[in-house]
């Protein structure tokens, strides 16, 4: 029988406490909570500005991000995304879990896993823009300030994840 690989995980109570302290620090230092979907929007707007500067400065949606010489890539949300990537790599390195690996059921191929991960990511970002925030922005930051919308968002996220897990469980089991 194949031996189970011993994994190192952070205590979830410590992780939750640290996340709360990071959220508190973000609110104290920036006056705003955390959020990742807004950072992606700023990076996409920056990419459009780099490819076609004239279009970005004249189109109604993009032009507001470039007013008064603003640089969307230097918005604090964009910088937060770079911190998330660096922090993720640091966390993986410290815990000894930094390696290339595809986690999936043995019943599916790698490309199927990548396809579903990509489609899920696209749907999540699209939904986050429709909802004007992602899980970290709408749910965690909203719940931290006791916003009813934050609690409703978190219930909707977990509820929909539970329902979809039932339909897609065969991809994992």
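Looking only at region 110-120, decide whether some residue is part of a loop (DSSP other than H, G, I, E, B), on the phi < 0 side of the Ramachandran plot and not assigned by TED's automatic domain parsing to the domain that holds residue 17.
Checked region 110-120: no residue is part of a loop (DSSP other than H, G, I, E, B), on the phi < 0 side of the Ramachandran plot and not assigned by TED's automatic domain parsing to the domain that holds residue 17.
Does residue 98 satisfy the criteria of being surrounded by 11 or more Cβ atoms within 10 Å (Cβ to Cβ) and in contact (Cβ under 8 Å) with a residue 40 or more places away in the chain?
no
Quick grid of which residues meet (1) surrounded by 11 or more Cβ atoms within 10 Å (Cβ to Cβ); (2) touching a strand residue (DSSP E or B) at 6+ places or on another chain (Cβ under 7 Å); (3) modelled with pLDDT of 80 or more:
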| position | (1), (2), (3) |
| --- | --- |
| 5 | no, no, no |
| 16 | yes, no, yes |
| 19 | yes, no, yes |
| 23 | yes, no, yes |
| 32 | yes, no, no |
| 41 | yes, no, yes |
| 44 | yes, no, yes |
| 49 | yes, no, yes |
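I'd like the residue in region 54-78 that is outside any loop (DSSP other than H, G, I, E, B) and either touching a residue at least 12 places away in the same chain (Cβ under 8 Å) or not assigned by TED's automatic domain parsing to the domain that holds residue 34 (or both) and, out of all such residues, is surrounded by the fewest Cβ atoms within 10 Å (Cβ to Cβ).
76
Given the criteria within 27 Å of residue 24 (Cβ to Cβ), outside the structural domain of residue 24 (by TED's automatic domain parsing) and part of a helix (DSSP H, G or I), does residue 156 qualify?
Spelling it out, residue 156 is indeed within 27 Å of residue 24 (Cβ to Cβ), outside the structural domain of residue 24 (by TED's automatic domain parsing) and part of a helix (DSSP H, G or I).
The values are calculated or read from the model by the stated rules, or taken from the named source; none is laboratory data. Since this is a predicted model, take the numbers as computed values, not measurements. Cβ atoms come from the backbone with ideal geometry, glycine included; neighbour counts cover every protein chain shown.
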